[in-house]
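Colleague: Following this message is one structure expressed as structure tokens.
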Amino acid sequence: SALLVLHHTFAPLEMAAFILLAGALGTSRLIAGAHSPAQVYAGTVLGFTCTFVCVMAVPG
């Protein structure tokens, strides 16, 4: 997902759609009982951290 953000840095509507999709996926994993809230939170933090690092690593 970090690479998708890099390719869509100037498309805020698409970025919003991807964020909503990630939220829906996390919610569905909670409802299905596949993950605990802590696991979903950790995955969210890890995803945003990886995205931030990738965005900061690309010059320009």
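Colleague: Counting just the residues of the stretch 33-60 that are part of a helix (DSSP H, G or I) and touching a Gly at 6+ places or on another chain (Cβ under 9 Å), which one comes out nearest to Phe18 (Cα to Cα)?
Modeller: First, the residues of the stretch 33-60 that are part of a helix (DSSP H, G or I): 37-57.
Still in the list and also touching a Gly at 6+ places or on another chain (Cβ under 9 Å): 40-41, 43-44.
Working: Val40: 16, Tyr41: 17, Gly43: 15, Thr44: 13 Å.
Result: Thr44.
Colleague: For the stretch 4-60, which positions are charged (D, E, K, R) and modelled with pLDDT under 80?
Modeller: Within the stretch 4-60, the first condition is being charged (D, E, K, R), and the residues that meet it are 14, 29.
Residue satisfying the conditions is Glu14 alone.
Colleague: Quick check on my filter: what residues within the stretch 9-32 are surrounded by 10 or more Cβ atoms within 10 Å (Cβ to Cβ), part of a helix (DSSP H, G or I) and among the hydrophobic types (A, V, I, L, M, F, W, C)? Spell out the reasoning first.
Modeller: Kept after step one, since they are surrounded by 10 or more Cβ atoms within 10 Å (Cβ to Cβ), are these residues of the stretch 9-32: 9, 11, 14-30.
This time we only want the ones that are part of a helix (DSSP H, G or I), so: 14-30.
Answer for the stretch 9-32, where residues must be surrounded by 10 or more Cβ atoms within 10 Å (Cβ to Cβ), part of a helix (DSSP H, G or I) and among the hydrophobic types (A, V, I, L, M, F, W, C): Met15, Ala16, Ala17, Phe18, Ile19, Leu20, Leu21, Ala22, Ala24, Leu25, Leu30.
The values are calculated or read from the model by the stated rules, or taken from the named source; none is laboratory data. Predicted, not measured: the structure shown is a model, and the values here were computed from it. All Cβ positions, glycine included, derive from the backbone under ideal geometry; neighbour counts span all protein chains shown.
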